[in-house]
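Before any comments, here is the structure.
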Amino acid sequence: MERSGQNLLACYQCRRCAAGCPVGDMTAVTPDRLIRMVLLGEKDDALGNLLVWKCVACYTCGTRCPNSIQTSRITETLKQMAKERLVEPMTPKVASFHDAFTKSVSHFGRLSELEFMGLYEMKNAASELKQGRWKAILDEIMDQAKLGLSMIKKRRMHFSIEKIKGLSEVKGLYRKSKDQGL
Ligand code: SF4
Ligand code: SF4
């Protein structure tokens, strides 16, 4: 509760969040159930369920919640807690994407597509390598190469690296969140 900044005790299980969650059907866990797991102290289930990894942070649940509980902040916190406890991510690709995205933004204050794709591919390959899945690595590289080419054609891939003006402030925020264990 402290780390996510959400008052889970305010949840009275009305399930308005569940009705609007776009990934609820495929995760088998909806925001209301995740909150209940946390409140009941079911640590393993709370850290190891698909909603934590497949939440797309659309904020639909929080908008619908009469108590303004933002489940995306809870899933984000649980992702970090799972990482700290060395719990294997249920969807390693999402974990690699997440790591690469935050690292790139911490360097430049905004996403560098080029750096992000390089970091993501390295992290993803390392994770597949652990399981000896060579074919998956090759398939992923081919898919990403196709995606990269199509982005270049549509001028959506930027090769120059742009830093934002307030980069030192962004770096400061990252440092502060690390110091606070966030
Ligand atoms: S909408 Fe809010 S109060 Fe209702 S179940 Fe979901 S989180 Fe709990
Ligand atoms: S923010 Fe996450 S949990 Fe909430 S509705 Fe969107 S996908 Fe579901």
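At a 10 angstrom cut-off on C-beta neighbours, averaged per residue, how do the peptides 129-136, 52-59 rank from highest to lowest?
Descending packing order for the listed peptides: 52-59, 129-136.
Please give the net charge around ARG36, taking every other residue with its beta carbon less than 14 angstrom from that of ARG36, where Lys and Arg add +1 and Asp and Glu add -1.
0
Which of the aspartates and glutamates could a cross-linker span from LYS146 if the Cα-Cα distance has to be under 14 Å and same-chain partners fewer than 8 positions apart are dropped?
GLU121
Considering only protein heavy atoms and a 1.4 Å probe, what is the carbon-and-sulfur percentage of the accessible area of the chain?
Numbers: 6670 of 11620 Å².
Answer for the chain: carbon and sulfur cover 57 percent of the accessible area.
Post the alpha-carbon centroid distance, region 64-92 to region 137-182, in whole angstrom.
Region 64-92 and region 137-182 have Cα centres spaced 22 Å from each other.
Take peptides 88-95, 14-21 and line them up by average Cβ neighbours within 10 Å, highest first, as a rough protection proxy.
Descending packing order for the listed peptides: 14-21, 88-95.
Give me the compactness ratio for the chain, meaning the Cα radius of gyration over 2.2 N^0.38 Å.
Values: Rg = 18.2 Å, N = 182, 2.2 N^0.38 = 15.9 Å.
Relative to the 2.2 N^0.38 Å estimate, the chain comes out at 1.15.
Using Cα pairs under 8 angstrom and six or more residues apart, how large is the relative contact order of the chain, in percent?
In percent, rounded to a whole number, it is 18.
In this model, which of LYS54/LYS171; LYS123/LYS171; LYS103/LYS163; LYS83/LYS163; LYS103/LYS130 are farther than 25 Å apart at the alpha-carbon? All intermediate terms of the calculation are to be shown ahead of the outcome.
Details: LYS54/LYS171 27 Å; LYS123/LYS171 22 Å; LYS103/LYS163 14 Å; LYS83/LYS163 28 Å; LYS103/LYS130 22 Å.
Where the Cα-Cα span goes over 25 Å, the pairs concerned are LYS54/LYS171; LYS83/LYS163.
Just read off the accessible area of SER68 with the full protein assembly in place, 1.4 Å probe, to the nearest 10 Å².
80 Å²
Determine the gain in length on full extension of the stretch ARG16-LEU86; use 0.36 nm per residue of separation and subtract their C-alpha separation, reporting nm with one decimal.
21.9 nm
Where is the GNM fluctuation largest for the chain (alpha-carbon springs, 10 angstrom cutoff): ILE74, ILE35, ILE164?
Largest GNM mean-square fluctuation: ILE164.
The values are calculated or read from the model by the stated rules, or taken from the named source; none is laboratory data. Model, not experiment: these values are computed from the prediction. Every residue, glycine among them, receives a Cβ derived from its backbone with ideal geometry; neighbour counts consider all protein chains shown. Please note that ligands, DNA and RNA were not included when accessible areas were found on the heavy atoms of the full protein model with its side chains. Shrake-Rupley method; radii C 1.70, N 1.55, O 1.52, S 1.80 Å.
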